[in-house]
Amino acid sequence: QVQLVESGGGLVQPGGSLRLSCAASGSISSIYRMGWFRQAPGKQRELVATIASGGFTNYADSVKGRFTISRDHAKNTLYLQMNSLNPEDTAVYLCNLAKGATWGPWGQGTQVTVSS
């Protein structure tokens with residue numbers, strides 16, 4: 001029943017940076033896995049990055065080296081630092097959590113637009 005609210009999206013020029021936040025209504029320290037996803041218009045939702053309880057992270061090849069996922073347990077917040085953004089990164093970004101193999105309900109996400 002933990003609720004997640006994404007924020008931090010906006011309009012940025014190519015090469016710029018944004019940091020997205022995912023605020024949880026409860027503690028996230030005991031959650032096994034959290035992740036960021038994105039969905040561009042007319043495209044499928046895709047996994048961007050995940051982080052597990054021990055801090056283990058995974059990234060999509062398309063964002064590796066540019067994006068960093070992290071979480072602050074004290075603030076109950078998940079972050080996605082996005083650097084060197086390009087137009088292909090334009091999408092609605094959503095966060096989610098999973099204790100097992102199933103991701104939870106989807107929220108509305110936050111829009112990231114990379115355009116010159």
Whichever residue in region 62-94 is farther than 14 Å from residue 46 by Cα and among the aromatic types (Phe, Trp, Tyr) and, among such residues, is least open to solvent (accessible area, probe 1.4 Å): 67
Residue check for residue 112: among the β-branched types (Val, Ile, Thr), part of a strand (DSSP E or B) and in contact (Cβ under 8 Å) with a residue 12 or more places away in the chain: yes
Failed condition for residue 55, given (1) open to solvent by 20 Å² or more (accessible area, probe 1.4 Å); (2) touching a strand residue (DSSP E or B) at 6+ places or on another chain (Cβ under 8 Å): (2)
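Residue-wise test of (1) at negative phi; (2) among the acidic types (Asp, Glu); (3) free of Cβ contacts under 8 Å to residues at least 60 places away in the same chain.
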{"position": "60", "(1), (2), (3)": "yes, no, yes"}
{"position": "64", "(1), (2), (3)": "yes, no, yes"}
{"position": "68", "(1), (2), (3)": "yes, no, yes"}
{"position": "74", "(1), (2), (3)": "yes, no, yes"}
{"position": "85", "(1), (2), (3)": "yes, no, no"}
{"position": "88", "(1), (2), (3)": "yes, yes, yes"}
{"position": "96", "(1), (2), (3)": "yes, no, no"}
{"position": "99", "(1), (2), (3)": "yes, no, no"}
{"position": "105", "(1), (2), (3)": "yes, no, yes"}
Entirely in region 1-41, the strands (runs of 3 or more DSSP E) that have 1 or more residues that are open to solvent by less than 50 Å² (accessible area, probe 1.4 Å), under 17 Å from residue 86 (Cα atoms) and not polar (S, T, N, Q): 10-12, 18-24, 33-39
Restricting region 95-114 to residues that are open to solvent by less than 60 Å² (accessible area, probe 1.4 Å) and not hydrophobic (A, V, I, L, M, F, W, C), the residue that is farthest from residue 35 (Cα to Cα): 113
Filter result (in a loop (DSSP other than H, G, I, E, B), closer than 18 Å to residue 18 by Cβ and not polar (S, T, N, Q)) within region 45-74: 60, 63, 64, 65, 66
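The values are calculated or read from the model by the stated rules, or taken from the named source; none is laboratory data. This structure is a prediction, so every number in the text was calculated from the model and none was measured. Virtual Cβ from ideal backbone geometry, glycine too; neighbours counted across all protein chains shown. Each accessible area value is taken on the protein alone, full model and side chains, heavy atoms only, with ligands, DNA and RNA left out. Shrake-Rupley method; radii C 1.70, N 1.55, O 1.52, S 1.80 Å.
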